[in-house]
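Data first, discussion second: the structure below is written as structure tokens.
Here, each number is a calculation from the coordinates, and none is a lab measurement. Computed from a prediction, not measured in an experiment: that's the story for all the values here. Heads up, the Cβs are rebuilt from the backbone with ideal geometry, glycines too, and the neighbour counts pull from every protein chain shown.
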Amino acid sequence: MLNYRQLHYFWVVAKTGSIVRACEQLNLTPQTISGQISLLEQTYGIELFRRVGRNLELTEAGRQTLPYAEQMFQLGGELELMLRAQPNEQQILFRVGVADVVPKSIVYRLIAPTMELSEPLRITCREDKLERLLADLAIQRLDLVISDSPMPSHLDIKGYSQKLGECGISFFGTPELAAQYGQD
């Protein structure tokens, strides 16, 4: 069975970028964290990190593991908040998925009105690839997905797309490149 403590240590090291910063965040020794990550790697016969100079870099297995750990600990955090909330101060949870190509300033402008509602609302945003976000929308892990394109027609998901706006695209280049490619 998966050891969630070991996975949590992996996740914190991957998010902070180093064992030293993970130690500061978790209030543990480097030996504890590196030892537990080594045990996780030994259990599954994989390598999650590789040393590059003085830094740690995720391996392919580490890159594949990280999104799963991210989702698990995000959901765990939401569960903990819900369990700790008093019955009279229960907040409505609004889970938003954001396609990784959408500028965060636009996302903020789109969801800002929800922050002014009279009822207590807890907004969580998760950034990922559109296909994964739509899969989570289909199984009701998300309430809304913000993307730069409509829902692909080949996906069998009950939902609809609503165009919220549009913007132009500008291309910039040196005068030589502009002359080479012309105005069109």
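Computed quantities for the displayed model
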item	result
Two-site FRET efficiency, F171 against A138, from Cβ-Cβ distance with R₀ of 35 Å, rounded to 0.05	0.45
Alpha-carbon centroids, the range 103-130 and the range 1-20: separation in whole Å	27
Gaussian network model of the chain, Cα within-10 Å springs - most flexible of G62, G168, G159	G168
Which of R122, R51 has the fewest Cβ neighbours within 10 Å, and the rest in rising order	R51, R122
Residues with amide H under 5 Å from that of R122, placed H, sequence gap 5 or more	I92, L93, F94
Relative contact order (%) - the range 4-69, alpha-carbon pairs under 8 angstrom, separation at least six	31
Charge dipole (the chain, unit charges on Cβ, about Cα centre) - positive-most of L164, V101, L121	L121
Mean Cα-pair separation over length for the chain, i.e. relative contact order, pairs under 8 Å, 6 or more apart, %	15
Spatially proximal lysines relative to K158 (Cα-Cα < 25 Å; intrachain offsets below 8 disregarded)	K129
Check: the chain dipole with +1 on Lys, Arg Cβ and -1 on Asp, Glu Cβ, in debye	480
Structure-derived semi-axes √(5λ) of the Cα gyration tensor in Å - corresponding label in [x] 35, 28, 17; [y] 38, 18, 15; [z] 34, 19, 17	[x]
Under Karplus coefficients 6.51, -1.76 and 1.60, residue-wise ³J(HN,Hα) of the range 62-74 in Hz, glycine/proline x	x, 5, 6, 6, 4, x, 5, 4, 4, 5, 4, 7, 5
Whole-Hz ³J(HN,Hα) from phi, Karplus 6.51 cos²θ - 1.76 cosθ + 1.60, for the range 126-138, glycine and proline x	10, 9, 6, 6, 4, 4, 5, 5, 5, 5, 5, 5, 5
